[in-house]
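Novice: Next up is a structure, given as structure tokens.
Every number here is computed from the coordinates shown, using simple stated rules; none is lab data. Fair warning: this is a prediction, and the values are worked out from it, not measured in the lab. Every residue, glycine as well, gets a Cβ built from its backbone with ideal geometry; the counts of neighbours run over all protein chains shown.
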């Protein structure tokens with residue numbers, strides 16, 4: 001199974017080109033869209049979101065992970081094996097949070113290059129062929145070169161920021177719920193945010209936080225947009241109140 005995680009935009013021209021390349025190299029292998037609307041260029045935020053989503057991926061899967069504002073520069077292309085699965089993308093920190101929280105991590109630099117490699121679309125020309133061949137079991141051993149570690153790592157710690165805003169206006173944070181009990185009060189954009197278990201139990205017309213389905217603390221309004229009402233954006237700091 002192949003999973004895709006990118007900032008390419010679900011309605012743009014790029015995802016189709018990647019899937020076409022995958023279909024040629026791994027016919028019959030299911031391709032699952034995890035996300036194509038990761039916050040553009042926000043590598044650290046996307047690294048935490050990718051890590052949270054990775055728990056749903058099956059053992060033996062291959063994930064193409066691309067949020068790559070440095071495409072075409074000297075940053076390394078890598079394939080990282082962990083949790084019995086592969087994660088393929090740029091060595092810019094995107095895969096590093098997951099790697100930092102995992103055991104038995106094997107990092108490989110991608111040594112293979114296609115005969116034609118565009119400067120601006122490594123997702124299609126470099127990463128997708130490696131993903132397709134890994135999924136099909138046809139990648140030549142010389143295509144990957146083991147290296148000691150990733151060049152860029154954000155570490156295993158949580159990120160106390162908004163990392164993604166969904167179409168409802170709910171704001172996902174890079175904070176894992178296991179670190180915070182229901183008594184915690186957070187502050188974002190100058191507003192105190194208290195816990196509610198589900199939307200229907202939230203106080204009327206008040207922001208609240210809850211534990212979302214992928215284990216992250218999420219800020220929301222019941223039947224309203226937290227992003228619009230609080231002016232939230234990806235990168236906004238989320239702090240713990242003293243009260």
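Novice: Expressed as a rounded percentage, what relative contact order does the chain have, with Cα pairs under 8 Å and six or more residues apart? Mind showing how you got there, number by number?
Specialist: Working: 513 pairs, mean separation 42.9, N = 243.
Once divided by the residue count of the chain, the mean separation gives 18 percent.
Novice: Taking 22 Å as R0, compute the FRET efficiency from the Cβ-Cβ separation of residue 148 and residue 74 and round it to 0.05. Don't jump to the answer; show the numbers that get you there.
Specialist: Details: r = 18 Å, r/R0 = 0.81.
E between residue 148 and residue 74, to the nearest 0.05, is 0.75.
Novice: Quick one: helix 43-53 against the long Cα principal axis of the chain, what's the angle to the nearest 10°, folded into 0 to 90?
Specialist: Orientation of helix 43-53: about 90 degrees from the principal axis.
Novice: Using 0.36 nm per residue, how much length does the chain from residue 103 to residue 192 gain when fully extended, once their Cα-Cα distance is taken away? It would help to have the intermediate numbers written out before the result.
Specialist: Details: separation 89, 0.36 × 89 = 32.04 nm, distance 3.69 nm.
Going from the current span to full extension adds 28.3 nm.
Novice: How much length is gained if the chain between residue 136 and residue 241 is pulled fully straight, taking 0.36 nm per residue apart and subtracting their Cα-Cα distance, in nm to one decimal?
Specialist: 32.8 nm
Novice: Also, quick follow-up: Starting with the fewest neighbours, write out 102, 213, 118, 61 ranked by other beta-carbon atoms found within 10 Å of each beta-carbon.
Specialist: Numbers: 102 18, 213 8, 118 13, 61 21.
Lowest count first: 213, 118, 102, 61.
Novice: Rounded, prolate or oblate: which one fits region 1-141, using the alpha carbon gyration tensor with axes a ≥ b ≥ c (rounded when a/c is under 1.5, else prolate when a/b beats b/c, else oblate)?
Specialist: Rounded is the answer for region 1-141, as its axis ratio a/c remains below 1.5.
Novice: DSSP beta bridges in the chain, what fraction antiparallel, as a percent rounded to 5? Working shown, then result.
Specialist: Values: 32 of 46 bridges.
Within the chain, antiparallel bridges account for around 70 percent of the total.
Novice: Does region 37-111 come out rounded, prolate or oblate, given a ≥ b ≥ c as the square roots of the eigenvalues of its C-alpha gyration tensor, rounded meaning a/c under 1.5 and, failing that, prolate meaning a/b above b/c?
Specialist: Details: a/c = 1.86, a/b = 1.23, b/c = 1.52.
In terms of gyration-tensor shape, oblate.
Novice: Tell me the Kirkwood hydrodynamic radius of the chain in angstroms, computed as one over the mean inverse distance between distinct C-alpha pairs.
Specialist: Details: mean 1/r = 0.0532 Å⁻¹.
Result for the chain stands at 18.8 Å.
Novice: Please compute, for the alpha-carbon atoms of region 159-240, the extent along each of the three principal axes and give them in descending order in Å.
Specialist: 27, 25, 24
Novice: Let me know the Kirkwood hydrodynamic radius for region 109-211, please, with Cα pairs as the basis and the value in Å to one decimal.
Specialist: Details: mean 1/r = 0.0551 Å⁻¹.
About 18.2 Å, per the Kirkwood formula over Cα pairs.
Novice: Continuing with this model, one more query. Between the alpha-carbon centers of region 210-241 and region 110-179, tell me the distance in whole angstrom.
Specialist: If you average the Cα positions of each part, the centres end up 25 Å apart.
Novice: Taking R0 as 30 Å, what's the FRET efficiency between residue 166 and residue 13 from their Cβ-Cβ distance, rounded to 0.05? Provide the component values of the computation, followed by the final result.
Specialist: Numbers: r = 23 Å, r/R0 = 0.77.
Once the sixth-power term is evaluated, E becomes 0.85.
Novice: Which of rounded, prolate or oblate describes region 89-144 when judged by the alpha-carbon gyration tensor and an a/c cut-off of 1.5? Each step should come with its number before you reach the end.
Specialist: Numbers: a/c = 2.28, a/b = 1.41, b/c = 1.62.
Oblate.
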